[in-house]
Amino acid sequence: MHPLRLFSLTLALASTSLAQGPNEANYDEAKVGTFTLPPLLVAADGSKITTSEQWISKRRPEVLELFRENVYGRTPPMPGDVKMEVTATKADALGGLATRKFVHISLAQHPLWQGMDVMLYIPNGLSKSAPVICGLSFGGNHAVSKEADIPLSTRWMRDAKDKGIVANRATEATRGTESSRWALEMIMKAGYAVATAYYGDIEPDHPEGWKTGLRAALSPEGASTQWKANDWGAIGAWSWGLSRMLDYCETDKSIDTKHAAVIGHSRLGKTSLWAGAQDERFGFVISNCSGEGGAALSRRNFGETTKRITTSFPHWFCANYKKYADDANANPVDQHMLIALMAPRAIYIASAEQDKWADPKGEFLSGKAVGIVYSLFGKTGVGVDEWPEVNHPVGDWVGYHIRTGIHDVTDYDWEQYLKFADRHFK
Ligand code: GTR
């Protein structure tokens, strides 16, 4: 070939891959195009699902299996005895509003895992045990609350700008930095307990993080594990941690685990959804701005895409997920099927107006799509056909709102979650 032709061919290829590159996001509703979602109420053998019993015994297990195989990977069986040790209790935390406990959770047979430090706030003065809301934090227990006597996390910390493998350590300057996302006073006054832990205790959030986290400790090959394409990723490990927090709560008489919720924001919202899908003890599941790989439909080309997320954050998912990077339509699941796994329990999906990257409308459409599953149980889902206006929460068993503002968790979000929890838990 003439060298000039080769040169222009290379240029043309380079510009195509740029145009379709993982950094290109569509924000134009006119360019979303049409797409067909995989059916919720047709089983793999082609039969129609028409009753709640068929959903529970036949379709739900199939859908859960599809998510294990294609998106989040398979969670291994319980790895032996879980050690749960209450390491400190303070009766007058948050100015007397709550009792604060620290609980160290570790695995007797897997000492390589350093374990996780759960921080619990239980409202004082209740006449009965408190329903609980479990959720992981991005910055450690000392970031969730401003209280000066919370030990600083000693674990790996990402830097504030999400710059990958930065082995920062927490400093006093990070105390309370996440407190605006945890309306502790409001939650205590509403009569709910909070159980939280640092997600980095379970697995540091970077592609090599598993080597010093739970996943390597559980694998016989440790840090030299060759993962299979359907083995679990970081989201799987983080959700596992949420279930262990609930295990502890089940042993604590001041907590009512018949009424347990799980919450997460962003990547941790993807995590709370996967935890809720696998662990049906969570009666209420909250997804706050979870976006791609969370509540948002992947087939809807708006904001973050499968390609982008599997390029930037391959370690969150199982390796199979990458197969759908160039064609979300080839994926046997879309995220409405993840939401459907919560039925008939309560689920709330929240979006933010400026969080276009997470595709707020795609998050709503997932929630709307599962109405047919809830109706098998005689329940109503979001109960509306149109994407609601900003700051107009909707929904009966599937709550939804889009609020003004950015990708974040705010008091407004918590007000809606607590109202929704009151409605279904009290
Ligand atoms: C972004 C990622 C999103 C979301 C977010 C977060 O960079 O693309 O999917 O998870 O991070 O967790 O803050």
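The figures follow:
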| read-out | value |
| --- | --- |
| Scan of segment 198-240 for residues that are more than 14 Å from the chain's Cα centre (by Cα) and part of a strand (DSSP E or B), ordered by number | Asp231 |
| Neighbours by Cβ (under 6 Å, 6+ apart or cross-chain): first from segment 265-283, touching a residue at least 12 places away in the same chain (Cβ under 8 Å) and under 15 Å from Thr196 (Cβ atoms); second within 12 Å of the ligand (Cβ to nearest atom) and in a helix (DSSP H, G or I) | Thr271/Ile235; Thr271/Trp238 |
| Some residue of segment 302-314 being near the ligand (Cβ under 9 Å from one of its atoms), crowded, with 23+ Cβ neighbours inside 10 Å and touching a residue at least 40 places away in the same chain (Cβ under 8 Å) | no |
| Filtered residues of segment 405-426 (kept if touching a Ser or Thr at 6+ places or on another chain (Cβ under 9 Å), within 16 Å of the ligand (Cβ to nearest atom) and not acidic (Asp, Glu)) | His407, Val409, Thr410 |
| Among residues of segment 172-207, those that are surrounded by 24 or more Cβ atoms within 10 Å (Cβ to Cβ) and free of Cβ contacts under 8 Å to residues at least 24 places away in the same chain, counted | 0 |
| Test: residue in segment 250-262 that is closer than 20 Å to Ala350 by Cα, touching a helix residue (DSSP H, G or I) at 6+ places or on another chain (Cβ under 9 Å), more than 15 Å from the ligand (Cβ to nearest atom) and part of a loop (DSSP other than H, G, I, E, B) | no |
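For (1) hydroxyl-bearing (Ser, Thr, Tyr); (2) closer than 30 Å to Met186 by Cβ; (3) away from the ligand (no atom under 16 Å from the Cβ); (4) within 19 Å of the chain's Cα centre (by Cα), each residue gets a yes or a no:
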| site | (1), (2), (3), (4) |
| --- | --- |
| Ala319 | no, no, yes, yes |
| His336 | no, no, yes, yes |
| Gly362 | no, yes, no, yes |
| Pro388 | no, yes, yes, no |
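To keep it simple, each residue is scored yes or no on (1) crowded, with 22+ Cβ neighbours inside 10 Å; (2) small (Gly, Ala, Ser).
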site	(1), (2)
Tyr72	yes, no
Ala88	no, yes
Leu107	no, no
His110	no, no
Gly125	no, yes
Ser137	yes, yes
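No value in this document is a laboratory result; all are computed from the given coordinates. Quantities reported herein were computed from a predicted structural model and do not represent experimental measurements. Glycine also receives a Cβ, built like all others from the backbone with ideal geometry; neighbour counts cover every protein chain displayed.
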